[in-house]
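Enquirer: This is the structure I have questions about; it appears just below.
The values are calculated or read from the model by the stated rules, or taken from the named source; none is laboratory data. As the structure is a computational prediction, the values presented were derived from the model and not from experiment. Reconstructed Cβ throughout: ideal geometry from the backbone, glycine too, with neighbour counts over all protein chains shown.
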């Protein structure tokens, strides 16, 4: 008989009572854990957590580590974009099973909005999908005050498909190929909530054709809140939040004409603070507006953008190659830490701390940490140019995903040869195509979503004409090595250096809540395991 770990109360291990049949049982007392608070701090590396805990600059995160498992060798998805990064945490799968590679990608079978062109077209699921991308409500005030931010999505801006010859919009929740934890919990009658940066995060409802609408926003997330982060940093948007009865935990920022909320730290912290207040309201048993009593959701949480912005803005980021944060980035980390402290305080005041597991991770990292390595390139010139007429689409932040118009008869190999023969610097250290690509993804010759070529960038390469000093989406260490912490008052501090993936968060959430991880389609497809250490094996 073996016991791998004893982690939470109510699980005294009496060896003589163990069955000889190998089994895996949760190390939580019956009915103890009823809620999971999931927090994504975009850009937050494992080293960022290590440094701020060691220096005492994130006291609330440090308290969580005192009663939590810190997974020091956690990796997010490749590519490390926000869409696959979050979907990993809520589906248990990578792009191979979800079919989602980026928030801006390509599908050989889909059409442009209103079937204006195609088949074979760009699939952009960000602020471009809304009625009014300049307004923080996406052009629909009910997206802020109601329970489903997806109402701000204008179906005329969505990618299209033809069904029986009729052009119809494809909603984000139907674009993903698998279900999500929100769908599984909804099926079992549990309430869920999530706050994120675009209404297009409707994708988190998951593909559930038996219950989800095909002609409107998804409904598996009972309280979906998504003020538009790329709306104007204007007095009008600040006033709009106040006028509908919402508030932020951060002071009002200074409006700046021509900028959005990602262009200043004050702006993004105020923006994140709206979602923090929404989460505090949900902890207190209310909807995100704080006006309707619905009970604390079984699974809920939010995404922070402040750290990611602090890593990108010129003059901020890191001051040396060993990840010492600049004053601006340190401020962003401090803001996030304070916000998490407010959430923990609210859980304690409501008597929910003992019944809540808190999971902190990141959709993605950010590269480069060593900003002296930054090199900005124009992917239109160094990627599209060499490929020529057979080029269909690429997305390049600090990696490049490339789709060709025709990938038959050796044309992919020809495109790679053209890229290798380019006289200038493409910024790429390695090309993945053919058998190398199929090791991790579907075969692009058979799958409409999978890129034909993936370029793994040299560290420091950013495809931009702007001033940002870092980006994400790539495959390097700085992109993928993210923080991962699972905390509960009864856990004893433990650092686990076993290699894990953020895909393991999804099955862990279900198991913590007493549900079967195999209900997630991506878990079955990719054989994703729960995070090690939280559950004891016994025989």
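Each row is one residue, and each column tells you yes or no for (1) assigned to a loop (DSSP other than H, G, I, E, B); (2) outside the structural domain of residue 71 (by TED's automatic domain parsing).
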site	(1), (2)
348	no, no
354	no, no
358	no, no
365	yes, no
386	no, yes
389	no, yes
402	no, yes
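Enquirer: Within segment 423-442, can you find the residues that are over 24 Å from residue 522 (Cα atoms) and in contact (Cβ under 8 Å) with a residue 12 or more places away in the chain?
Expert: 424, 425, 426, 427, 428, 429, 430, 431
Enquirer: In segment 172-208, what residues are farther than 23 Å from residue 290 by Cβ, in contact (Cβ under 8 Å) with a residue 24 or more places away in the chain and in a loop (DSSP other than H, G, I, E, B)?
Expert: Once the filter is applied, which keeps residues that are farther than 23 Å from residue 290 by Cβ, in contact (Cβ under 8 Å) with a residue 24 or more places away in the chain and in a loop (DSSP other than H, G, I, E, B), segment 172-208 yields 176, 177, 178, 179, 180, 188, 206, 207, 208.
Enquirer: Here's a follow-up. Has segment 216-228 got any residue that is over 21 Å from residue 91 (Cβ atoms), at pLDDT 95 or above and surrounded by fewer than 24 Cβ atoms within 10 Å (Cβ to Cβ)?
Expert: yes
Enquirer: Being assigned to a helix (DSSP H, G or I), more than 27 Å from the chain's Cα centre (by Cα) and either within 26 Å of residue 362 (Cα to Cα) or at pLDDT 95 or above (or both): is that true of residue 417 here?
Expert: Spelling it out, residue 417 is indeed assigned to a helix (DSSP H, G or I), more than 27 Å from the chain's Cα centre (by Cα) and either within 26 Å of residue 362 (Cα to Cα) or at pLDDT 95 or above (or both).
Enquirer: Pick from 533, 514: which is under 23 Å from residue 45 (Cβ atoms) and either touching a residue at least 40 places away in the same chain (Cβ under 8 Å) or assigned by TED's automatic domain parsing to the domain that holds residue 307 (or both)?
Expert: 533
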